[in-house]
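Only one structure is covered here, and it is reproduced in the block below.
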Amino acid sequence: MVITVCRLYDVYADANRVILLLEVSGVPLSDISLISNNCDTWYRGPAGSNVMPSRKPGESSSAGPRIEGAAIGAAIGATAATAASLITLLAIPDVGPVVGTGWLAAMLGSMAVGGVTGGLLGALTNAGIAEEDAQVLVEGVRRGGTLVTTRVPQETAPRVETLMNGNAVNLAERSEIYRRAGWLAVDPNAPPYTADQVRCERVLHAH
């Protein structure tokens, strides 16, 4: 039986590191996916085009240019030459603009093309994630986070979960923080966070 394991990260670099660990541990690249908030346009290269210099989430533009397409591609084991074609830029109803790679991004892209509703919340619950957890995961991405999602055989799930737990968000604690501020559930009609709001969220939850 194959199950889906998801972890949310406040810092893109932590998600990137986890993907590399999963790859080294033998998880097939086709079973790994990343969805990262792009409200502050940290990644600006259209999929399939030449990748434009950009910056890591939370970094100022003075940090210097980076080829983010190559960085994201490397995170899932791709070469720089193919990285751009693996990246999907999406506007998700319950989140806003995101950068995505892997199977979940492809699923979201197909949903958008086909006019299927449900967004990221629907995709996660359809993949077997409990709705209570999926609600917090989606809101976390909406507020600037990065989601790593992995499909694994049930017998290897404990090992994969251990790899993914490093620097991951504690969903119970994060849910409580959100609810104390008045959040109740994912609202597909809520406006995306602005770049300033995303930066504030990242500072709030910085390690």
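Solvent-free Debye calculation, one equal scatterer per alpha-carbon of region 136-207: log10 I(q)/I(0) at 0.28 Å⁻¹ equals -1.42.
Seen from Val95, the other residues with C-beta closer than 9 Å to its C-beta sum to a net charge of -1, counting Lys and Arg as +1 and Asp and Glu as -1.
Placing pseudo-labels 7 Å out from each Cα toward the beta carbon at Leu184 and Ala91 gives an inter-label distance of 2.7 nm.
All of the numbers you see were taken from the coordinates with simple rules; none came from a lab. Treat the numbers as computed from the prediction; the structure is a model and nothing was measured. Cβ: placed from backbone, ideal geometry, glycine included. Neighbour counts: every protein chain shown.
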